[in-house]
Amino acid sequence: MEVSCTHCSLPVPRGLIEEGANEQFCCAGCRTVYETLQGAGLQRFYELSEQTNDAPPRQASTSGRGFTEFDHEDFLARYVDSNEEGFSQATLYLEGVHCAACVWLVEKLPTIVPGVLEARLDIGRAIVTLSWRTDQVALSVIARTLDRLGYPPHPLQDGEEQQQRRKEARAALLRIGVAGALAGNVMGIAFALYGGYLQGMEQNLRDFFRWSAMLLTLVSLLWPGRVFFRGAWASLRTRTPHMDLPIAIGIGAGFFGGAWHTITGTGEVYFESVAVLVFLLLVGRHVQSKQQRRAYEAMELLHALTPGTARRNTGSGFEEVPILSLQKGDQVEVRGAETAPADGTVVEGESSFDMAVLSGETRPIAVQQGGRVFAGTLNLGARVVLEVDSTGADSRVGRLLQLVEQHAKRPAAIVRVADRISGVFTVVVLLLAAITGLWWSQSGPDQALENAIALLIVACPCALGLATPLAVVAAVGRAARSGILVKGGDALERLASPGILVLDKTGTLTQGAVSVVQWHGESKLQAAVAALEEHASHPFAGALVEFGQSQAAALESAAVAEPQSSYTTSISTASGAALTHPIQVEDVEAIPGKGVRGKVNGQLLCIGAPAWIAEQGADLPPEWITQVLDRALSPVAILQTDSRGQITAIAMAGIGDAIQPDAPRVVAELQEVGWQLQIMSGDHPQVVAAVAAKLGMEKEHSHGGLSPEQKLAAIEELRAQQSQASHSLPVLMVGDGWNDAAALAAADVGIAVHGSAEASLAAADVFLSAPGLGGVAGLLEGAKRTVRVIRRNLAVSLAYNGIGVALAMTGVLNPLLAAVLMPVSSLTVVSVAWRSRTFT
């Protein structure tokens, strides 16, 4: 019978079930949070969780840290705003926020911690804004309470630039709201006037409605709509016409034509069309700027690579301090499974570090005293002490992140099509309006003015201005439903035609994790190897454990399915102990640089380098090593001896990074449609060449042993070459690691694949949420369809404008009809964009 956790409702592992206890917990974190809620009288959290039911259950996350660094003067100066009256405010990112009940619980913080004045949680971004009295409670106490509630806090880097972007976003939303309210009121007045045309209306009432609509539209133009006139004036001053100029001319002509008729009491008014267009254009502009803001805000993720704290040697011990306070020459402790907080030199201990964040190398690097360790790399072994060389922005990863930000903020290489043609469009429209006025002046100045105004109104490029953003928004939405997240329309345009596609190896073409790819020799050793490696800490231990356990489980399933077969009997005799009895492991000993040995069920088992195993007397077949090395795998030899020292079994495992199952198919498809493929990796050149050969790629297109800086330089060189070519090709980069981030940002389009590091997600233009390369082909095909939709929208807009201008010049179209038709073109573009099938 399954037992559910009292806190999160997930199943409780058998080993944690307490017989006879009313409350059962799946982990220590859930127990801590439950006890904290009970002690604070916040049991209603569970009722709200059941009522909302808007997120799947998840285990509570508690770190158990003391958060003393939150009270450090450097931390307070960087992240806390305080005033002279003793009030402080800080913004923190919280782990574990996932439902409405979390909002209720976090915002109850003032009732739990005396001195906390307010806690406001933004659930979408998992960011809490805290206000408290510094004379009553320390920030570390607040942080520990949040941690015990299941929401470990982290400092949020919130610079002035980001605050300015948020301020601009709020101002844009305010303009949209005001423009929408004004447009709604003007439309209501217009309906009244239309009714008056049919049923009759007193002149003084008609004048009142017309003046009211004119004043409301004037407010719309002077407040929310002034952005178009400001942009038009700037384009005239800088002599660089863009879309704001013809838009300002069109809506200005519509307003002043209606204003003249209102003042003189003649003709028709069309203020509702002007007010509605201001609203629609502001919405389109906000959609575009929202995509840009998301790209900039994603850059915050870049700073999550290194930890926020470090354990510094104070002379009397190691004390946890903010990373901001570290200086060159400080000594810091890095324990197993922890990330290095700074660049430094090992002064005590030896271990192995996962350097993949910088090099892409799947094999861990051994370090000892005098060896170099970089910030952001993961300690896979024993405790070491580093002497700090550089921190923060001066560290190697810090310099890489600066490169990422610089390239991510570079101007787009491709300017929008609508902006490219707006200068010519504006000149042509003004010229045609002048010709129309001159031609119709023979029929009187009133007729000439009417037709010229009709031309300016109907030629307002509102549909042209909406054609690109609406098509992009529709395509981005469809792509998201297909598991492809696109940050902006510029990327889709660059992806539409074949070019140069650079692929990272580790985690992109391969699965990004070491596993047992080959096994030679006695299969009966697999379960024993897994049992011994569970007690080891070397880099390949996890792969051997997972392989051995999976093989044992497969054999056990086969034995259960066919209990009477001879196959089952042979398995039982070969590895029956592994299937029916617990395996006893004792006397485990790690031999630095060689391997690990220990007794498994009374027999000595040695696992390690082939040379070391050969020293033990094992005669390893040469073809085993040859087959392993030919596939660019790492050989791990196994030797088993009995109590008399006699060899009873030998085996060899080939460990490496397996190729993604769909990689060969996708590579072939991309090459077939004209994409030029290259591999750039930090892994060993021999390994990269072997992967390229398996995928059917030429050896000269595989480049191994590249550092992040060299990858960046290679991408920049490719872009420079294409910029000088007669027919330039887009340069794309597909990657997943921190070491790919700068190259992703520098490429024309950066594509981060499933499982990517946060820096890659921030630097890339596109993220594929499904594992493998299959999404790349779908992305490229969807981008091609999107560009076709954009071009179709532009063609529809220009055709509408051309027909409208011709009708206005011939006198068929009056200003009222032009004002009615003007928003119709925008609605047509909207319909075409949303009904188009781009990503499927």
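The values are calculated or read from the model by the stated rules, or taken from the named source; none is laboratory data. Keep in mind that this is a model prediction, so the values were computed, not measured. No Cβ is skipped: glycine too gets one built from the backbone with ideal geometry, and neighbour counts run over all protein chains shown. All accessible areas refer to the heavy atoms of the entire protein, side chains included, with ligands and DNA or RNA removed. Shrake-Rupley method; radii C 1.70, N 1.55, O 1.52, S 1.80 Å.
General remarks:
- Some residue of segment 617-639 being assigned to a helix (DSSP H, G or I), in contact with a Cys (Cβ under 8 Å, 6 or more places away or on another chain) and not aliphatic (A, V, I, L, M): no
- Condition broken by E18, with the remaining ones in (1) open to solvent by 70 Å² or more (accessible area, probe 1.4 Å); (2) more than 23 Å from V103 (Cα to Cα); (3) within 37 Å of the chain's Cα centre (by Cα) satisfied: (3)
- Residue under evaluation H684, criteria (1) open to solvent by less than 20 Å² (accessible area, probe 1.4 Å); (2) over 30 Å from S482 (Cα atoms), criterion not met: (1)
- Among the candidates A190, A253, A183, A213, residue that is more than 41 Å from the chain's Cα centre (by Cα), within 23 Å of S797 (Cβ to Cβ), of a type in the set (A, V, I, L, M, F, W, C) and crowded, with 18+ Cβ neighbours inside 10 Å: A253
- Strands (runs of 3 or more DSSP E) wholly inside segment 477-523 containing at least 1 residues that are over 30 Å from I650 (Cα atoms) and at pLDDT 85 or above: 500-503
- Remark: pairs (first residue in segment 802-823, on the phi > 0 side of the Ramachandran plot; second residue at pLDDT 70 or above; Cβ separation under 7 Å; 6+ apart in sequence or on different chains) = G811/W440; G811/N451.
- Test: residue in segment 713-722 that is in a helix (DSSP H, G or I), at pLDDT 90 or above and in contact with a helix residue (DSSP H, G or I) (Cβ under 6 Å, 6 or more places away or on another chain): yes
- Tallying residues that are open to solvent by less than 50 Å² (accessible area, probe 1.4 Å) and closer than 18 Å to I189 by Cα within segment 266-287 yields 11.
- Here L156 meets the list (1) of a type outside the set (D, E, K, R); (2) surrounded by fewer than 15 Cβ atoms within 10 Å (Cβ to Cβ); (3) modelled with pLDDT under 75 almost entirely, failing just condition (2).
- Residue check, A382 modelled with pLDDT of 80 or more, part of a loop (DSSP other than H, G, I, E, B) and within 30 Å of G654 (Cβ to Cβ): yes
- Take the conditions (1) over 43 Å from the mean Cα position of the chain (by Cα); (2) loosely packed, with under 15 Cβ neighbours inside 10 Å; R239 misses just one of them, which is (1).
- Within segment 808-840, the set of residues being surrounded by fewer than 19 Cβ atoms within 10 Å (Cβ to Cβ) and modelled with pLDDT of 80 or more comprises T810, G811, V812.
- Scanning segment 769-814 for residues that are small (G, A, S) and under 30 Å from P664 (Cα atoms) yields S769, A770, G772, G774, G775, A777, G778, G782, A783.
- Pairs with Cβ under 9 Å, 6+ apart, first in segment 61-89 and on the phi > 0 side of the Ramachandran plot and modelled with pLDDT under 85, second in a helix (DSSP H, G or I) and open to solvent by 80 Å² or more (accessible area, probe 1.4 Å): G64/R148
- Across segment 687-712, the number of residues qualifying as open to solvent by 40 Å² or more (accessible area, probe 1.4 Å), in a helix (DSSP H, G or I) and more than 22 Å from L670 (Cα to Cα) comes to 2.
- So V628, is it in contact (Cβ under 8 Å) with a residue 24 or more places away in the chain, touching a helix residue (DSSP H, G or I) at 6+ places or on another chain (Cβ under 6 Å) and open to solvent by less than 30 Å² (accessible area, probe 1.4 Å): no
- Residue list for segment 110-131, restricted to those being touching a residue at least 40 places away in the same chain (Cβ under 8 Å) and surrounded by 15 or more Cβ atoms within 10 Å (Cβ to Cβ): I112, L130, S131
- Filtering segment 717-743 to residues that are open to solvent by less than 20 Å² (accessible area, probe 1.4 Å) and of a type in the set (D, E, K, R) leaves only D740.
- Looking only at segment 642-665, residues that are among the polar types (S, T, N, Q) and either within 46 Å of the chain's Cα centre (by Cα) or open to solvent by less than 20 Å² (accessible area, probe 1.4 Å) (or both) come to 1 in all.
- Segment 366-390 residues that are at positive phi, paired with ones that are of a type in the set (S, T, Y) (beta carbon under 7 Å, 6 or more apart): G370/T345; G376/T306; G376/T339
- Evaluation of L198 against the conditions (1) loosely packed, with under 12 Cβ neighbours inside 10 Å; (2) among the hydrophobic types (A, V, I, L, M, F, W, C); (3) not in a helix (DSSP H, G or I) shows that the sole unmet condition is (3).
- Filtered residues of segment 136-150 (kept if open to solvent by 10 Å² or more (accessible area, probe 1.4 Å) and modelled with pLDDT under 90): R148
- Here is the figure for segment 547-561: residues that are modelled with pLDDT of 85 or more and open to solvent by 20 Å² or more (accessible area, probe 1.4 Å) total 1.
- Among the residues of this structure, V429 counts as one that is over 28 Å from M733 (Cα atoms), open to solvent by less than 70 Å² (accessible area, probe 1.4 Å), part of a helix (DSSP H, G or I) and modelled with pLDDT of 60 or more.
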